[in-house]
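A quick write-up on the structure given underneath.
The values are calculated or read from the model by the stated rules, or taken from the named source; none is laboratory data. Being a predicted model, the structure only gives us computed values, none of them experimental. In this analysis, Cβ positions are derived from the backbone assuming ideal geometry, glycine residues included, and neighbour counts consider all displayed protein chains.
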Amino acid sequence: MSKCRSCGEAAVIDLPRHNANFCAEHFQQLCRRQLSKAITDFEMFTTDDRILVAVSGGKDSLALWDMLIDAGYQTDGLYVGLGIGDYSSDSGAITRRFAEERGLKLLEVDIRNEHGFDIPTAAGVSGRSPCSACGLSKRHIFDEVTQREGYDVLATGHNLDDEAAVLFGNTLRWDVEYLRRQAPVLPAGNGFGKKVKPLVRLTEREMAAWCVVRRIDYVVEECPMAVGNKHLSYKDALNALDSTSPGTKASFYLGFLDRIRPLLEDSASITAPGSCPRCGAPSATSEEACAFCRLIETTSGHEPIPVRMVLNKKARKLFDAQWGSQHGD
Ligand code: AMP
Ligand code: FES
Ligand code: ZN
Ligand code: ZN
């Protein structure tokens, strides 16, 4: 049985990137330190700020909410019901239970009830990929609720693996403009609220372990619509590198954080010269409706399209294996 590097008691997790094993207590201490370093290095927020945590029901965002409360921050949660079949019903139920059991305030936006469409239908009707319709809707709703309810900052559960995969993709394409926007903090301005990613120094595996150690129940399944997207193949590639040289993934991404930090001092928030004539959200132009309002216009009121129908062949096979083919028909 391996032993904790800090206290010599029985270890519950091995962390090859630290070349060490840890007991439950010292593993949590390590996570708390990484969280705190990200928050202070990037001046994300203080205990005076009201933080809105976007929670999906997955391990990362529930762990984030738990860690922020544990560290003494003022937080409420925001769950967006995306209408992705059983995946969304399970995610909503788990998130609600997490909040209820701890007496926390959870705000909810159900896009079908509030905007008349869901993500599978939006993808089917608009011809956008599901993840692009979903990302666009989430960004819009996160920003809208943060500002309407007067929160100082919105926090998401993007972890080191997520950010390393995006960085890898942006670097492969030399998408320099996106590199700047990938900073773990985007300041408020131009009609946008402040957004932060406090988990950028913690990996997916560490967040799963945090949930186990803290007995947090989370949705284990990945979103059925994300199957086969490029982001996942970048993650696999980085994990393959990491398994032969532990620490490669973390040093790739943490090296980026170190280099980007000094550049952020004078970096402006995302620019949006106009505002949407319908909803008032910041937009590229004031001449036409923003992308979210256009999505509502093309999709709202359309007869719901089941998840399974908008998946490609490979994704449908995996979906059937996970959820059963009778679902979503
Ligand atoms: P994803 O884009 O699915 O990788 O999720 C990234 C982060 O966005 C999560 O860690 C959450 O903070 C947030 N998020 C994703 N889906 C939802 C949702 N349905 N409701 C609220 N927040 C979400
Ligand atoms: Fe957005 Fe899956 S969570 S497409
Ligand atoms: Zn220990
Ligand atoms: Zn709009």
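Of the helices (runs of 4 or more DSSP H) lying entirely inside the stretch 150-256, those containing at least 2 residues that are surrounded by fewer than 21 Cβ atoms within 10 Å (Cβ to Cβ) and touching a strand residue (DSSP E or B) at 6+ places or on another chain (Cβ under 9 Å) are 204-213.
Among the residues of the stretch 57-102, write down those that are at pLDDT 95 or above and among the charged types (D, E, K, R). Within the stretch 57-102, Lys59, Asp60, Asp66, Asp70, Asp76, Asp90, Arg96, Arg97, Glu100, Glu101, Arg102 qualify.
When Ala20 is tested against (1) closer than 27 Å to Glu221 by Cα; (2) within 16 Å of ligand 3 (Cβ to nearest atom); (3) small (Gly, Ala, Ser), exactly one condition is not met: (1). With respect to Cys290, determine if the residue is more than 17 Å from Ala123 (Cβ to Cβ), touching a residue at least 60 places away in the same chain (Cβ under 8 Å), more than 16 Å from ligand 1 (Cβ to nearest atom) and touching a helix residue (DSSP H, G or I) at 6+ places or on another chain (Cβ under 9 Å). Criteria met by Cys290.
Per-residue answers, yes or no, for (1) touching a His at 6+ places or on another chain (Cβ under 8 Å); (2) closer than 24 Å to Leu35 by Cβ; (3) within 16 Å of ligand 4 (Cβ to nearest atom):
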| position | (1), (2), (3) |
| --- | --- |
| Leu68 | no, yes, no |
| Thr75 | no, yes, no |
| Asp86 | yes, no, no |
| Gly103 | no, yes, no |
| Ile111 | no, no, yes |
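Look at the stretch 266-281: where a residue is farther than 26 Å from Glu43 by Cα and a partner is assigned to a loop (DSSP other than H, G, I, E, B) and at pLDDT below 90, sitting 6+ places away or on another chain with Cβ atoms under 6 Å, you get Gly274/Thr285; Gly274/Ser286; Ser275/Ser286. Examine the stretch 22-37 for a residue that is more than 16 Å from ligand 4 (Cβ to nearest atom), surrounded by 14 or more Cβ atoms within 10 Å (Cβ to Cβ), hydroxyl-bearing (Ser, Thr, Tyr) and part of a loop (DSSP other than H, G, I, E, B), and state whether such a residue exists. No, because not a single residue in the stretch 22-37 is more than 16 Å from ligand 4 (Cβ to nearest atom), surrounded by 14 or more Cβ atoms within 10 Å (Cβ to Cβ), hydroxyl-bearing (Ser, Thr, Tyr) and part of a loop (DSSP other than H, G, I, E, B). Quick one: would you say Ala164 is touching a helix residue (DSSP H, G or I) at 6+ places or on another chain (Cβ under 9 Å), among the small types (Gly, Ala, Ser) and modelled with pLDDT of 95 or more? When the stated conditions are applied, Ala164 passes them.
Taken over the stretch 111-134, the criterion of being touching a Phe, Trp or Tyr at 6+ places or on another chain (Cβ under 9 Å), closer than 23 Å to Phe319 by Cα and either surrounded by fewer than 21 Cβ atoms within 10 Å (Cβ to Cβ) or of a type in the set (Asp, Glu) (or both) is satisfied by Val125 alone. Does Arg96 count as within 18 Å of the chain's Cα centre (by Cα), surrounded by fewer than 17 Cβ atoms within 10 Å (Cβ to Cβ) and on the phi < 0 side of the Ramachandran plot? The answer is yes for Arg96. Filter the stretch 289-329 down to residues that are touching a Cys at 6+ places or on another chain (Cβ under 8 Å) and of a type outside the set (Phe, Trp, Tyr) and give me whichever is farthest from Val227 (Cα to Cα). That would be Ala289. Inspect all residues belonging to the stretch 106-124 and state whether any of them is within 17 Å of the chain's Cα centre (by Cα) and closer than 30 Å to Leu254 by Cβ. No.
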